Amino acid sequence: MLKKYVFYIIRWQCSTPILALCMYYMNFNITIKTIVANFIGALIFFWVDRYIFKNNVYYPLWEIQEKIKCVDCGQVSKGFRLVKTTNYDKTQDKNPEFRCEECSQNKLHELKERGIKY
Ligand SMILES: [Zn+2]
C-alpha cells in the first residue's frame, strides 16, 4: 500500500511538466490554459491511474457461506473456502468445495504444505 501511495505521489508530479508547458507556451487566459492542461493530463493519466488502482485486492481471499455441508466431514454449518492467494487461484472453480471451520483449517494446513503462499 505504501509503495502504491509513493507511486501515486510521483504520478501527480508527472502532471507538473504538462501544466508548466501549457502555462508557458499557450496564449490563452490562465483559466483556458488550466482547462487545456487538465484535459491533456486526463488523456494520459486515466491510463496510469487505471494501472495503479487495478487489482486492488488483498490476499488471501476467502468465501464464506451460511449453512453448507462440509465436503470432508458432512457437518452442516458456516462454510469456508479459500478462493485466492498470490499463487493459488480457485476463482473459476466450477464445483467450489466448502468446509466447516475445523476442516477448512486442516485443508489450509495441507495447502501450505503443498507450497501455497499464505
Ligand atoms: Zn468439516
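Here is how the numbers come out for the structure above:
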| item | result |
| --- | --- |
| Test: residue in the range 67-77 that is under 30 Å from Lys4 (Cβ atoms), without any contact (Cβ under 8 Å) to a residue 60 or more places away in the chain, within 16 Å of the ligand (Cβ to nearest atom) and not basic (Lys, Arg) | no |
| Counted residues, the range 5-16 - those being part of a helix (DSSP H, G or I) and either of a type in the set (Phe, Trp, Tyr) or surrounded by 12 or more Cβ atoms within 10 Å (Cβ to Cβ) (or both) | 6 |
| Search result, residues across the range 69-83 that are surrounded by 17 or more Cβ atoms within 10 Å (Cβ to Cβ) and within 8 Å of Cys100 (Cα to Cα) | Cys70, Ser77, Gly79, Phe80 |
| Any chance Glu97 is surrounded by 13 or more Cβ atoms within 10 Å (Cβ to Cβ) and part of a loop (DSSP other than H, G, I, E, B) | yes |
| Which numbered condition Arg50 misses (of (1) charged (D, E, K, R); (2) closer than 30 Å to Cys14 by Cα; (3) assigned to a loop (DSSP other than H, G, I, E, B)) | (3) |
| Test: Tyr58 is more than 15 Å from the ligand (Cβ to nearest atom), out of contact with any Leu (no Cβ under 9 Å at 6 or more places or on another chain) and of a type in the set (Ser, Thr, Tyr) | yes |
| Members of the range 17-58 that are surrounded by 10 or more Cβ atoms within 10 Å (Cβ to Cβ) and within 30 Å of Lys117 (Cα to Cα) | Val48, Asp49, Tyr51, Ile52, Phe53 |
| Residues being more than 10 Å from the ligand (Cβ to nearest atom) and either under 25 Å from the mean Cα position of the chain (by Cα) or under 22 Å from Tyr58 (Cα atoms) (or both) - total across the range 78-109 | 19 |
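Here, each number is a calculation from the coordinates, and none is a lab measurement. Since the structure is predicted, the reported quantities are computational estimates derived from the model, not experimental observations. When we count neighbours, we look across all protein chains shown, and the Cβ atoms used for this are built from the backbone with ideal geometry, even at glycine.
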